[in-house]
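J.: The structure that follows is given in the form of structure tokens.
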């Protein structure tokens, strides 16, 4: 008598992993399938300057990386980062435009990108039931990571009709003693909005009322602003602890190197226990890439005159996108003050309530890839799409011609 063997049941995935979404890359899945079928996709979905011609990593950074490899600087670095890189970062923070702050080498911790810094900080700050108060819309890891460490993210509102200004009253209403981290992404991803000095001072005033709260200032796009209005948040705080996040990815155009940092501004020495925890976690994961750290060091210490040409190129491309969107029937946008994103609102009656379907149908019919705004916040990003203006004008023209045709046929 033969027996029928049933295949074993799948091994269960932990719930903490099963529900993570990353909209920026999730939409790549159907695009990849279309590419397999032979279609060329015009991708405006990912903030990678190296995905498009015209904005290469500067040669002196690349050469320093290569020389590090050739000279066998391929071993582990100190867990907190190469001392010379930490010193250079501290000097850079001291000299930030519109006001630096008294950063020292010992305040700086080098990580494998800002995303690793976030995981380490959430692990060091959060206990079960603690909160992270972050802007909505937001960069997806701010929502995905806190639950891995027992916390949860609460969104505060950015005003879509006023340059995506931080809604200080909404922040004030949502603060309580379980909010351990108050996040500012400035310039913002995905909207490109920049918080001005007065708004940042108002945010610090709120944080000052909650002694268990630390402000987390994600300033990875700080050098990509079109008005020169960006202010380092740490420079404004005489008392509230601020942790600045930055790195090589955006301003130095080397995202694949995965080198970022966190820098602690702690005027009242309130983070001494947290820093001990952060340092323990850093030691346990060994170090960030040694040769990539050498490459970043060359960027900080080398010439920076090239940055203005890159900024002007981005500004020209931004303005082209603004002109095209202004002429569209079915889309409107607040002009971004920084970064290389804009976050248009869908005003077409068919799409205003279903931004994800808009993105998928546009991809299917016209082979243009954007990111649905609800992927950056189901509530506060709904009805919008994110568009990157890193490609050159010829590329953008073709993409907007297709978007215009799609809206006209809807």
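The values are calculated or read from the model by the stated rules, or taken from the named source; none is laboratory data. Computed from a prediction, not measured in an experiment: that's the story for all the values here. Don't worry about glycine lacking a Cβ; one is built from the backbone with ideal geometry, like all the others, and counts go over all protein chains shown.
J.: If you check residue 308 against the conditions, is it closer than 30 Å to residue 247 by Cβ, free of Cβ contacts under 8 Å to residues at least 12 places away in the same chain and either outside the structural domain of residue 45 (by TED's automatic domain parsing) or out of contact with any strand residue (DSSP E or B) (no Cβ under 7 Å at 6 or more places or on another chain) (or both)? Don't jump to the end; show me each part of the working.
T.: Details: closer than 30 Å to residue 247 by Cβ: yes; free of Cβ contacts under 8 Å to residues at least 12 places away in the same chain: yes; either outside the structural domain of residue 45 (by TED's automatic domain parsing) or out of contact with any strand residue (DSSP E or B) (no Cβ under 7 Å at 6 or more places or on another chain) (or both): yes.
So residue 308 fits the description; yes.
J.: Quick test for you: out of 362, 314, 281, pick the one residue that is assigned by TED's automatic domain parsing to the domain that holds residue 44 and either without any contact (Cβ under 8 Å) to a residue 60 or more places away in the chain or in contact with a helix residue (DSSP H, G or I) (Cβ under 7 Å, 6 or more places away or on another chain) (or both). Can you show your working first?
T.: Working: 314 fails: either without any contact (Cβ under 8 Å) to a residue 60 or more places away in the chain or in contact with a helix residue (DSSP H, G or I) (Cβ under 7 Å, 6 or more places away or on another chain) (or both); 281 fails: assigned by TED's automatic domain parsing to the domain that holds residue 44.
It is 362.
J.: Considering the stretch 349-359 alone, what residues qualify as being under 12 Å from residue 410 (Cβ atoms) and either without any contact (Cβ under 8 Å) to a residue 12 or more places away in the chain or out of contact with any helix residue (DSSP H, G or I) (no Cβ under 6 Å at 6 or more places or on another chain) (or both)?
T.: In the first step, residues of the stretch 349-359 are kept if they are under 12 Å from residue 410 (Cβ atoms); the result is 349-352, 354, 357-358.
Across the stretch 349-359, the qualifying residues are 349, 350, 352, 354, 357, 358.
J.: Still on this structure, please answer the following. Among the listed residues 162, 177, which satisfies the condition of being more than 23 Å from residue 346 (Cβ to Cβ) and in a loop (DSSP other than H, G, I, E, B)?
T.: Details: 162 fails: more than 23 Å from residue 346 (Cβ to Cβ).
Just a single option satisfies the conditions, and that option is 177.
J.: Within the bounds of the stretch 92-100, is there any residue that is buried (at least 17 other Cβ atoms within 10 Å of the Cβ), outside any helix (DSSP H, G or I) and touching a residue at least 40 places away in the same chain (Cβ under 8 Å)? Full working, then the answer.
T.: Pass one, the stretch 92-100, residues buried (at least 17 other Cβ atoms within 10 Å of the Cβ): 92-93, 96.
Imposing the further condition that a residue be outside any helix (DSSP H, G or I) reduces the set to 96.
Of the ones still in play, those that are also touching a residue at least 40 places away in the same chain (Cβ under 8 Å) are 96.
Yes.
Yes or no, residue by residue, for (1) over 18 Å from the mean Cα position of the chain (by Cα); (2) more than 23 Å from residue 304 (Cα to Cα); (3) in the same structural domain as residue 341 (by TED's automatic domain parsing):
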site	(1), (2), (3)
179	yes, yes, no
189	no, yes, no
194	no, no, no
221	no, no, no
239	yes, yes, no
248	no, no, no
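J.: Of the conditions (1) part of a helix (DSSP H, G or I); (2) surrounded by fewer than 21 Cβ atoms within 10 Å (Cβ to Cβ), residue 350 clears all except one; give me its number.
T.: Going through (1) part of a helix (DSSP H, G or I); (2) surrounded by fewer than 21 Cβ atoms within 10 Å (Cβ to Cβ) one by one, residue 350 breaks only (1).
J.: Ok, one more. In this structure, does residue 384 turn out to be modelled with pLDDT of 95 or more and touching a strand residue (DSSP E or B) at 6+ places or on another chain (Cβ under 9 Å)?
T.: Working: modelled with pLDDT of 95 or more: yes; touching a strand residue (DSSP E or B) at 6+ places or on another chain (Cβ under 9 Å): yes.
So residue 384 fits the description; yes.
J.: Quickly run through the stretch 120-138 and pick out the residues that are surrounded by 20 or more Cβ atoms within 10 Å (Cβ to Cβ) and over 12 Å from residue 177 (Cα atoms). Spell out how you get there, then give the answer.
T.: So in the stretch 120-138, the residues surrounded by 20 or more Cβ atoms within 10 Å (Cβ to Cβ) come out as 120-122, 124-126, 131-138.
Answer for the stretch 120-138, where residues must be surrounded by 20 or more Cβ atoms within 10 Å (Cβ to Cβ) and over 12 Å from residue 177 (Cα atoms): 120, 121, 122, 124, 125, 126, 134, 135, 136, 137, 138.
J.: Which condition number in (1) assigned to a loop (DSSP other than H, G, I, E, B); (2) buried (at least 24 other Cβ atoms within 10 Å of the Cβ) is the one that residue 244 fails?
T.: Among (1) assigned to a loop (DSSP other than H, G, I, E, B); (2) buried (at least 24 other Cβ atoms within 10 Å of the Cβ), the lone unmet condition for residue 244 is (1).
J.: Just to be sure I understand, how many residues within the stretch 306-347 are within 20 Å of residue 407 (Cβ to Cβ) and assigned to a helix (DSSP H, G or I)?
T.: 7
Rundown of residues vs (1) within 16 Å of the chain's Cα centre (by Cα); (2) at pLDDT below 95; (3) closer than 27 Å to residue 17 by Cα; (4) not assigned by TED's automatic domain parsing to the domain that holds residue 230, yes/no style:
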position	(1), (2), (3), (4)
88	no, no, no, no
94	no, no, no, no
99	no, yes, no, no
107	no, no, no, no
147	no, yes, yes, no
169	no, no, no, no
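J.: Considering the stretch 180-219 alone, what residues qualify as being part of a loop (DSSP other than H, G, I, E, B) and closer than 30 Å to residue 331 by Cβ? Spell out how you get there, then give the answer.
T.: Initially, the stretch 180-219 is screened for residues part of a loop (DSSP other than H, G, I, E, B), giving 186-196, 209-213, 219.
186, 187, 188, 189, 190, 191, 192, 193, 194, 195, 196, 219, listed by residue number.
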